[in-house]
Structures are given as C-alpha cells and as structure tokens.
1. On average, how much accessible surface per residue is there in the range 103-190, in Å², for a 1.4 Å probe, leaving out ligands, DNA and RNA?
2. Keeping all protein chains in place and using 1.4 angstrom, which order do S42, S78, S87 fall into by accessible surface area, from largest down?
3. For the chain, give the share of DSSP beta bridges that are antiparallel, in percent and rounded to the nearest 5; count only bridges with both residues there.
4. Out of these labelled values of semi-axes √(5λ) of the Cα gyration tensor in Å, [x] 32, 21, 13; [y] 44, 24, 13; [z] 45, 19, 13, which was calculated from the coordinates shown here?
5. Where the accessible area of the range 55-198 is counted over protein heavy atoms with a 1.4 Å probe, how much of it, in %, is carbon and sulfur?
6. How far, in nm, would the chain grow between K97 and L194 when pulled straight, counting 0.36 nm per residue and subtracting the alpha carbon separation?
7. Where a Cα-Cα gap under 18 Å defines reach, which lysines qualify for K124, not counting those fewer than 8 residues away within the same chain?
8. Rounded to the nearest 10 Å², what accessible area does H96 have for a 1.4 Å probe in the complete protein model?
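The values are calculated or read from the model by the stated rules, or taken from the named source; none is laboratory data. These figures come from a predicted structure and were not determined experimentally. In case anyone asks, the SASA skips ligands and DNA or RNA and just uses the protein heavy atoms, side chains included. Shrake-Rupley method; radii C 1.70, N 1.55, O 1.52, S 1.80 Å.
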Amino acid sequence: MRNMEMKLAKKLSVHVAAAWLMVAAAASAHSAPKTVLVLGDSLSAEYGLARGTGWVALAEKKVKDQKLDAEIVNASVSGETTSGGRSRLPALLTKHKPALVVIELGANDGLRGLPVAAAQANLKAMADTAGKSGAKVMLIGMRIPPNYGRDYSDKFYAMYGTLSRELKAPLVPFMLDGVAEKTEMFQPDRLHPLAEAHPTILNNIWPVLEKSIKAK
C-alpha cells in the first residue's frame with residue numbers, strides 16, 4: 001500500500017509540474033512584446049544623420065515613454081526600392097515574426113521614374129506576404145517632384161491611397177508633410193531631411209502607428 005501511495009504521489013507531482021510549465025509558457029507568450037518591423041529606405045535608415053536621431057529611433061523612445069507593449073525593429077536600407085523590399089521581406093518575417101509591418105518604400109522607384117504599376121504590385125505583394133505570416137500592414141506614403149511630368153507624380157501619390165483601400169491597411173498619406181516645402185530642413189542633397197525635421201516626420205506618422213500598435 002505504501003508503494004502504491006508513493007507512485008500516485010509521484011505521478012501527481014509530475015502532472016502538477018507539467019501544468020505549471022504550461023501556465024508559465026502561456027504567461028510568457030502573453031507578455032512578449034509586439035514586434036513592429038519597419039521596412040523602409042534612407043528616409044527611415046537615418047541616412048546622413050547621427051544614430052538615434054531619425055524618426056524610427058524617436059518612435060522607439062515614444063513607445064518606451066508611453067509603456068506600449070511593443071518593440072521596433074528597423075530593417076530600413078538606404079537606396080531600397082519596392083522590389084528590394086519585396087525580396088528581403090520573407091527572411092525578415094521569418095527572423096523577427098512581427099505583428100505589424102510598416103512599409104515605407106516607393107520613393108526611390110519614383111525618383112528613378114520606374115513604372116507605378118510595378119511599384120504598386122511590389123507593395124501589394126509585400127502586404128500579401130506579411131498577411132500570410134500573420135502580420136498586419138501599415139503604409140507610409142510619399143510624394144515626388146514632377147520630374148517625370150505631373151501625370152506620373154499624381155499617379156505615384158495616388159498609388160498609396162489605392163493600396164490602402166484595397167488592402168484595408170492604415171496609411172500615412174505623406175510622411176514629409178510640413179517638411180518638404182522647407183528647403184532649410186534638408187541636407188545639402190535636398191533629398192534627405194536633417195535631424196531637426198524628424199520630430200515633424202514622427203508627428204505625421206505617430207497617430208497612425210500608435211493606433212496600429214494598439215490594434216488587436
């Protein structure tokens with residue numbers, strides 16, 4: 001009888017330990033911060049800036065200050081195009097497993113006069129790929145100067161709104177609103193904003209980003 005009681009007690013302790021491990025694992029998964037992956041070009045990669053002064057770094061600080069349950073991974077690369085972002089995204093999704101992918105791409109396509117339809121197809125493919133991984137998508141739009149004619153620049157800008165409606169993805173219409181018209185806010189190349197401009201850029205992006213982070 002004594003041996004039977006010891007065996008039962010041992011089995012019970014194993015079951016209890018297993019149950020606690022399951023509870024601990026569930027609690028750990030629940031408390032893991034939401035990963036936000038920013039996939040952008042030089043405007044998000046701090047080109048020509050001191051590290052920590054671009055809008056993504058400022059957003060990271062704001063997330064911490066507001067104690068939001070999220071961490072931001074900046075996978076932006078200077079010179080990136082929509083096709084480059086499309087090719088890099090699958091590996092980034094596998095590595096970081098983000099809950100939200102912020103896509104800030106297209107400016108380099110536009111500056112090179114690449115077909116708007118191709119850029120739109122690449123952005124849509126990225127959104128589809130992110131969606132299949134379980135991540136939501138947020139778009140950041142851009143305007144470009146009419147170097148290739150007003151029709152091209154208008155179609156380029158409209159592309160973001162079209163995709164936002166089609167994908168039901170939140171959109172920042174123009175990240176450089178309040179900056180683009182101020183030449184003193186740019187580096188000598190007249191393409192990349194100075195660090196002083198990035199708080200304004202974040203102000204344009206933050207309301208949509210904050211809402212997207214808080215969304216279930």
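1. Per residue, the range 103-190 has 49 Å² of solvent-accessible surface.
2. Details: S42 15, S78 60, S87 90 Å².
Of S42, S78, S87, the descending order of accessible area is S87, S78, S42.
3. 5 percent
4. [z]
5. C and S atoms contribute 54 percent here.
6. Numbers: separation 97, 0.36 × 97 = 34.92 nm, distance 3.17 nm.
Roughly 31.8 nm would be gained on extension.
7. Output for K124: K132, K136, K155, K168.
8. 50 Å²
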